[in-house]
Amino acid sequence: MGDTIFSALEEGYTDPIRDVLWGHIYLTPALAALIKSAPFMRLSRISQLGPVSGVYPGATHTRASHSIGVYHLGRRLLINLTERGAGDWLTPEGARSFLCACLLHDLGHFPYTHSLKELPLESHESLTGKAILAEPLKSLIGAAGADPGFTAAIVDTSPGGNGGAGGMDGSTELLFYRKLLSGCLDPDKLDYLNRDARYCGVPYGAQDVDFILSRLYPDQKRGVDIDSRGIPSVESILFSKYLMYRTVYWHHSVRSATSMIKKALLRGLETGVIAPEELYNLDDQSLFSLMESRSGKSPLFSLAAKVREGALFSLAAEFPYNEEDHAPLLDIKNRSAHENALAGKLSAALGKTISGEDLVIDVPEPFTLETGLYVRGEECYFAESSSAFKTETVGSFVKSLYVIRIYADKSLESVIKSYSGLKNILHIKRK
């Protein structure tokens, strides 16, 4: 058989990997070489869920295992869509580039889950694109029959992003792959929901992937559509993602650990104790080692030691997010000033000296429940379909997750909780 889209997806996949979630995953020898490279091996030293293991001890899986799972589902998805007509506009080189993008999509990811994602740093997608275009990956991707520039462009969608896809930035094939890798029913989401639920020992994330793939159809502009029989599967994913955020990803203890690390690193960046480029290409261990090595230059780096020892700040208060009162808190660059101001208010009200270093204001990162799928047969988008998940319903789910929390040193927990004016102390009006 010549070099066709089917041969690119189905021939030469002789190297098996045994995965807890998906069983045997097959790669070509050239793709197998990618996962043995130093840049990919770093992902095996980054926990997928970071501090979540403090609440769910089984959650010790890595970004490497997740990335291999995304590759596996991406290949299954592309085979399915090719059989349903996508092969009319796809190329063998493009298909191989998509598989490489699935495998390498988290290559530039920061350590310790999403603690660093909100900081003023280069995006992990951009870092991934740069890594793909650098050696050894550039040559390894080429040896796999893929185009490194095209692979980088699938992952890094920012304006002027890496790769340029050989001048194909606006091509139908590139846009199609971008939709597949980052959409409502993308292989990334299907893997992490299932994988995280399995390792945490919770039932919320499990999805019927076989059935989902059977209800998907290719569209050049939208990526994938579903038919009406697939609506319950999308509802399951939406509710699963909501429950995983509510009970796992944004568990109050996880938020405490994340906010403490974020506070320490933000102050380090603001004072110049740490340069942004020092936070790139780290794994979990090297991140904590870096903060330990600078602990003499910034007292807030002691927060990292507390997190590692399990001495987390206690939850002293929480409030539903109110845009009128809390919108200024969304800008992380102003977070330290608000924490100092809050400490001053509490000190005056309680007659007890409280420092801004003794507490942290935790604000959830941007979060969405994607409902942009087009439903064939009903000829409308998901939010307007026969699904019970209307726009208002989805909005209420998202709103319920947005909670502003105040964490404080355990010695201050009871005194802060006892303050009767606490409910109104965090009202920060826009200027």
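Please work out which residue is farthest from L359 (Cα to Cα), limiting yourself to the stretch 411-431 and to residues that are of a type in the set (V, I, T) and modelled with pLDDT of 75 or more.
V415
I'd like the full set of residues that are part of a helix (DSSP H, G or I) and crowded, with 18+ Cβ neighbours inside 10 Å, limited to the stretch 402-412.
Result: L412, single match.
Report, ordered by the first and then the second residue, all pairs with beta carbons closer than 9 Å, sequence separation of six or more or different chains, a first member in the stretch 103-126 that is closer than 17 Å to A275 by Cβ, and a second member that is modelled with pLDDT under 90 and not in a loop (DSSP other than H, G, I, E, B).
Listed by first residue and then by second, the contacts come to L119/I332; P120/I332; P120/K333.
All but one of (1) farther than 22 Å from T258 by Cβ; (2) without any contact (Cβ under 8 Å) to a residue 60 or more places away in the chain; (3) not in a helix (DSSP H, G or I) hold for P57, so report the exception by its number.
Of the numbered conditions (1) farther than 22 Å from T258 by Cβ; (2) without any contact (Cβ under 8 Å) to a residue 60 or more places away in the chain; (3) not in a helix (DSSP H, G or I), the odd one out for P57 is (1).
Under 8 Å between Cβ atoms, which residue pairs at least 6 apart in sequence (or on different chains) link something in the stretch 353-373 that is farther than 30 Å from E235 by Cα with a partner that is among the polar types (S, T, N, Q) and surrounded by fewer than 19 Cβ atoms within 10 Å (Cβ to Cβ)?
Short answer, once both residue conditions are applied: T353/S347; I354/S347; G356/S336; G356/N340.
List the residue pairs whose Cβ atoms are under 9 Å apart, where the first residue sits in the stretch 67-90 and is among the acidic types (D, E), the second is assigned to a helix (DSSP H, G or I), and the two are 6 or more positions apart or on different chains.
Sorted first by the residue in the stretch 67-90, then by its partner, the pairs are E83/F6.
Being crowded, with 19+ Cβ neighbours inside 10 Å, in contact (Cβ under 8 Å) with a residue 40 or more places away in the chain, out of contact with any Phe, Trp or Tyr (no Cβ under 8 Å at 6 or more places or on another chain) and not in a helix (DSSP H, G or I): is that true of L21 here?
So L21 fits the description; yes.
Inside the stretch 216-248, can you point out the residues that are charged (D, E, K, R) and either over 16 Å from S387 (Cα atoms) or buried (at least 21 other Cβ atoms within 10 Å of the Cβ) (or both)?
Matches in the stretch 216-248: D219, K221, R222, K241, R246.
Among the listed residues I25, I35, I68, identify the single one that is over 17 Å from L174 (Cα atoms), aliphatic (A, V, I, L, M) and touching a His at 6+ places or on another chain (Cβ under 7 Å). Before the answer, list the steps.
Values: I35 fails: touching a His at 6+ places or on another chain (Cβ under 7 Å); I68 fails: touching a His at 6+ places or on another chain (Cβ under 7 Å).
After ruling out the rest, the residue left standing is I25.
For the stretch 69-95, enumerate the residues that are within 17 Å of I141 (Cα to Cα) and out of contact with any Cys (no Cβ under 9 Å at 6 or more places or on another chain).
Passing the criteria: T91, P92, E93, G94, A95.
Starting from residues that are assigned to a helix (DSSP H, G or I) and among the hydroxyl-bearing types (S, T, Y), keep the ones in the stretch 273-307 and report whichever is surrounded by the fewest Cβ atoms within 10 Å (Cβ to Cβ). It would help to see each step written out before you state the result.
To start, the set of residues in the stretch 273-307 that are assigned to a helix (DSSP H, G or I) comprises 276-279, 284-293, 299-307.
Next cut, among the hydroxyl-bearing types (S, T, Y) only: 286, 289, 293, 302.
On the way: S286: 15, S289: 13, S293: 10, S302: 16.
Going through the qualifying residues, I end up with S293.
Quick one: would you say L359 is buried (at least 20 other Cβ atoms within 10 Å of the Cβ), of a type in the set (A, V, I, L, M) and closer than 14 Å to L412 by Cα? Write out each step before concluding.
Numbers: buried (at least 20 other Cβ atoms within 10 Å of the Cβ): yes; of a type in the set (A, V, I, L, M): yes; closer than 14 Å to L412 by Cα: yes.
Criteria met by L359.
Take the residues in the stretch 308-367 that are part of a helix (DSSP H, G or I) and of a type in the set (S, T, Y); name whichever of them is farthest from S115 (Cα to Cα).
S347
Using the structure shown, decide if D156 is among the acidic types (D, E), out of contact with any Leu (no Cβ under 6 Å at 6 or more places or on another chain) and modelled with pLDDT under 95.
Criteria not met by D156.
Could you give every pair whose Cβ atoms fall below 7 Å, whose first residue belongs to the stretch 256-283 and is without any contact (Cβ under 8 Å) to a residue 40 or more places away in the chain, and whose second residue is in a loop (DSSP other than H, G, I, E, B), counting only separations of at least 6 or pairs across chains?
Hits for this filter: G268/I274; G268/R294; G268/S298; T271/S298; V273/R294; V273/K297; V273/S298; I274/R294.
Find the residue count for the stretch 1-58, including only residues that are β-branched (V, I, T) and more than 22 Å from the chain's Cα centre (by Cα).
Final tally of qualifying residues: 6.
The values are calculated or read from the model by the stated rules, or taken from the named source; none is laboratory data. The model shown is predicted, which means the values in this text are computed figures rather than measured ones. Don't worry about glycine lacking a Cβ; one is built from the backbone with ideal geometry, like all the others, and counts go over all protein chains shown.
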